[in-house]
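Participant: Below are the C-alpha cells for one structure; questions will follow.
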Amino acid sequence: MTTAARAEALARKTRTPIELERRHGARNYDPLKVVLERGEDVWLFDTAGRRYLDMMSAYSAVSFGHANPTLVHTLTEQAKTLAVTSRAFHTARLGPFLERLCRMTGMDRALPMNTGAEAVETAIKAARKWAYKVKGVPAGQAEILVAAGNFAGRTTTIISFSSEPQYRDGFGPFTPGFRSVPFGDPAALEAAIGPNTAAFIVEPVQGEAGIIVPPVDYLRAVREICTRRNILMIADEVQTGLGRTGRVLACDHEGVRPDGLTLGKALGGGLLAVSAFCAREDVMAVFAPGDHGSTFGGNPLGAAVGEAALTLLENGPYCETARAQGDYLLARLARLDHPAIIDIRGKGLLVGVEIDPAFAGARQVCDALVDEGVLTKDTHGTVVRMAPPLTIKPEQIDQAVSALGRALASIEAAEPVAA
Ligand SMILES: *Cc1c(COP(=O)(O)O)cnc(C)c1O
C-alpha cells in the first residue's frame, strides 16, 4: 500500500458517521446532531451510550416501541423461514394478514405495498379506474380533490398536488388531474365537486402540515357529501392510523367509514416498510391481474410483521394509552404556560406545539431538546411534534414536558427576547 493509500484508508476509518454521510450522501435531509445506535421501547441511545426519550417514533412508524420483543421475534422467526417470494406465488402469511387488516379497518379488501407513498399511489389509481369503469367519467378526465396542506409522500405524482412549494420546486412537469380545497371546510369540498370528480383524499388530522385537527364532525360531513355526490372518500391514515389518535383509525372517532384507506408507517411494526390500500369491494374490484403491483408488496416477512403489529394493536392497550397519555400530554403542556408557546393541539399521541417564530424556530427548539435528552423533529418550521411510541408512561411525558420547559429557557438565556 502506498503512503497516500494508507493515509486515505486511515482517514476513511477515522471519519465519523456524520462526516461519511455528509461526504457520500445526498443532502435531502438535515438531521439533528445525534448519532443513534440502539433503541429500546421509548428510548434511543447514541454512539456514546447517551439515552434519549423518543418523542417522534419515526413519524409514527415506531408506535409499538423500538425493538418490540413480540415483533422482533416474529421478524426473526419469519426471516429464517421465508422472507420474500414476490406475488407470483401464494404464501402462507399473506391471507391471514389481509384478513386481519380488513377486519380491523372495516374494509372489504386490502392491497399490500411497502411505503406510504405507494399506498397513496395505489389509492389514486383505484380512484381513477373506479371513476372510468364504475362512475362513467369520460376517458382521461377523472379529477381527484385533495386537501390543501396535505402530505402524502414524495413521488412525482404525489408532489403534483402538494401545497408545499419546496416539495415541488424543480421537479415538474407535474401529474395533472388534482385540485386542492381548503382543509376542514365541507362547503368548499362540496363546491369543488364536478361531474368528473372521482375522489377526495384527506388526512383525518394533517400531520406534516403541523398537526392540524379539523373542526368536530368534519369527517362526518365529508362522508355525507362524498356519498351524496358519488365520489370516493379516501382517508390517508398513513400517520393517523393504527392507534395513533386513540382509535384504530382516526375516522373511528366520528364513526366514519371511508371508501378507501391508506395505511403505512406503524403497519410495519417499526421494523419494515409495510403499507396497504384498503377499500370497499366495488372499488378494489377495478384491479385485474397485471394492473398494479410491487416486487416486495405483501412479502411473507412484511405480512407476518404487519399481522403481528395488528394483533398487538387489537389485544394491547395502545389505543387506550394514546387516548389517556395524549390527554395527559396536552394538559402537561398547557401547564408549561410559556409565552413562546402560541398553540398546543392534537389528538391522542399526535400533538403539535406551535412556537412563536419571534421567539425561535421550532428547529432551534428541537436542537435544544437534544441537549435535554429528548428527540423530536419540527414540522412546518414553527411546530414541535410530540408523537412518542404508544407505550409511553406518564413519568416519561413529565420528562419530555420538563425538557421542553428547559429547552425554551435555554434559548431565552442565550438570546433574551425584547419584552
Ligand atoms: C408519511 C406519510 C405518507 C408517506 O409515507 P412514506 O412511507 O414516507 O412514503 C403518506 N401519507 C401520510 C399522511 C403520511 O404521514
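Participant: Output the qualifying pairs, or none if there are none: Cβ atoms under 6 angstrom, residues six or more apart or on different chains, first residue in the range 92-106 and over 15 Å from Arg280 (Cβ atoms), second residue part of a loop (DSSP other than H, G, I, E, B).
Facilitator: The qualifying pairs are Leu94/Gly298; Met104/Val248.
Participant: Sticking with this structure for a sec: Just a yes or no: is a residue in the range 128-147 under 17 Å from Gly297 (Cβ atoms) and of a type outside the set (A, V, I, L, M, F, W, C)?
Facilitator: Within the range 128-147 (the criterion being under 17 Å from Gly297 (Cβ atoms) and of a type outside the set (A, V, I, L, M, F, W, C)), the answer is no, since none of the residues qualifies.
Participant: Residue by residue through the range 271-284, note down the ones that are touching a strand residue (DSSP E or B) at 6+ places or on another chain (Cβ under 9 Å), under 17 Å from Lys135 (Cα atoms) and not in a loop (DSSP other than H, G, I, E, B).
Facilitator: Ala279, Glu281, Val283, Met284 - these are the residues of the range 271-284 that are touching a strand residue (DSSP E or B) at 6+ places or on another chain (Cβ under 9 Å), under 17 Å from Lys135 (Cα atoms) and not in a loop (DSSP other than H, G, I, E, B).
Participant: Still on this structure, please answer the following. For the range 242-258, how many residues are closer than 17 Å to Cys102 by Cα, touching a residue at least 40 places away in the same chain (Cβ under 8 Å) and open to solvent by less than 10 Å² (accessible area, probe 1.4 Å)?
Facilitator: Count: 5.
Participant: Checking the structure you have, find out if any residue of the range 211-232 is assigned to a strand (DSSP E or B) and either farther than 19 Å from Gly352 by Cα or touching a Gly at 6+ places or on another chain (Cβ under 8 Å) (or both).
Facilitator: yes
Participant: Looking only at the range 334-355, count how many residues are touching a residue at least 24 places away in the same chain (Cβ under 8 Å) and either open to solvent by less than 10 Å² (accessible area, probe 1.4 Å) or assigned to a loop (DSSP other than H, G, I, E, B) (or both).
Facilitator: Number satisfying all stated conditions: 9.
Participant: Related question: Being within 16 Å of the ligand (Cβ to nearest atom) and in a helix (DSSP H, G or I) is the filter here; which residues of the range 285-314 pass it?
Facilitator: Once the filter is applied, which keeps residues that are within 16 Å of the ligand (Cβ to nearest atom) and in a helix (DSSP H, G or I), the range 285-314 yields Gly302, Val305, Gly306, Ala309.
Participant: Over 26 Å from Gln166 (Cβ atoms) and not small (Gly, Ala, Ser): which single residue out of Tyr52, Tyr59 fits that description?
Facilitator: The conditions single out Tyr52.
This table checks each residue for (1) crowded, with 16+ Cβ neighbours inside 10 Å; (2) touching a strand residue (DSSP E or B) at 6+ places or on another chain (Cβ under 8 Å); (3) of a type in the set (Asp, Glu).
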{"position": "Val286", "(1), (2), (3)": "yes, no, no"}
{"position": "Gly302", "(1), (2), (3)": "yes, yes, no"}
{"position": "Gly306", "(1), (2), (3)": "yes, yes, no"}
{"position": "Leu313", "(1), (2), (3)": "yes, no, no"}
{"position": "Glu320", "(1), (2), (3)": "no, no, yes"}
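Participant: Let me ask another. From Lys80, Lys133, grab the single residue that is more than 25 Å from the chain's Cα centre (by Cα) and free of Cβ contacts under 8 Å to residues at least 40 places away in the same chain.
Facilitator: Lys80
Participant: Test of understanding: among Gly326, Gly269, which residue is surrounded by 23 or more Cβ atoms within 10 Å (Cβ to Cβ) and within 16 Å of the ligand (Cβ to nearest atom)?
Facilitator: Only one candidate qualifies: Gly269.
Participant: Let me ask another. Among the residues of the range 168-193, how many are of a type outside the set (A, V, I, L, M, F, W, C), part of a loop (DSSP other than H, G, I, E, B) and open to solvent by 20 Å² or more (accessible area, probe 1.4 Å)?
Facilitator: Residues meeting the conditions: 9.
Participant: Could you count how many residues in the range 381-408 are among the small types (Gly, Ala, Ser), open to solvent by 30 Å² or more (accessible area, probe 1.4 Å) and at pLDDT 95 or above?
Facilitator: Of the residues in the range 381-408, 1 are among the small types (Gly, Ala, Ser), open to solvent by 30 Å² or more (accessible area, probe 1.4 Å) and at pLDDT 95 or above.
Participant: For residues in the range 75-99 being assigned to a helix (DSSP H, G or I) and more than 25 Å from Ala279 (Cβ to Cβ), which is most open to solvent (accessible area, probe 1.4 Å)?
Facilitator: Lys80
Participant: So, one more: Can you tell me which residue is least open to solvent (accessible area, probe 1.4 Å) among those in the range 356-380 that are in a loop (DSSP other than H, G, I, E, B) and under 16 Å from Tyr59 (Cα atoms)?
Facilitator: The residue in question is Thr376.
Participant: Filter the range 51-74 for residues that are surrounded by fewer than 22 Cβ atoms within 10 Å (Cβ to Cβ), aliphatic (A, V, I, L, M) and in a helix (DSSP H, G or I) and give the result.
Facilitator: Once the filter is applied, which keeps residues that are surrounded by fewer than 22 Cβ atoms within 10 Å (Cβ to Cβ), aliphatic (A, V, I, L, M) and in a helix (DSSP H, G or I), the range 51-74 yields Ala58, Val72.
Participant: Please go through the range 103-146 and pick out each residue that is open to solvent by 40 Å² or more (accessible area, probe 1.4 Å) and of a type in the set (Phe, Trp, Tyr).
Facilitator: Tyr132
Participant: Here is a follow-up. Determine if the range 147-167 includes at least one residue that is part of a strand (DSSP E or B), within 16 Å of the ligand (Cβ to nearest atom), small (Gly, Ala, Ser) and open to solvent by less than 20 Å² (accessible area, probe 1.4 Å).
Facilitator: yes
Participant: Here's another thing I want to ask about it. Which one is nearest to the ligand (Cβ to nearest atom), of the residues in the range 190-216 that are more than 29 Å from Ile342 (Cα to Cα) and among the aliphatic types (A, V, I, L, M)?
Facilitator: Of everything passing the filter in the range 190-216, Ile201 is nearest to the ligand (Cβ to nearest atom).
The values are calculated or read from the model by the stated rules, or taken from the named source; none is laboratory data. What you see is a predicted model; the values in this text were computed from it and never measured. Here Cβ is always computed from backbone atoms with ideal geometry, including for glycine, and neighbour counts include all displayed protein chains. Heavy atoms of the whole protein, side chains included, go into the accessibility calculation; ligands, DNA and RNA do not. Shrake-Rupley method; radii C 1.70, N 1.55, O 1.52, S 1.80 Å.
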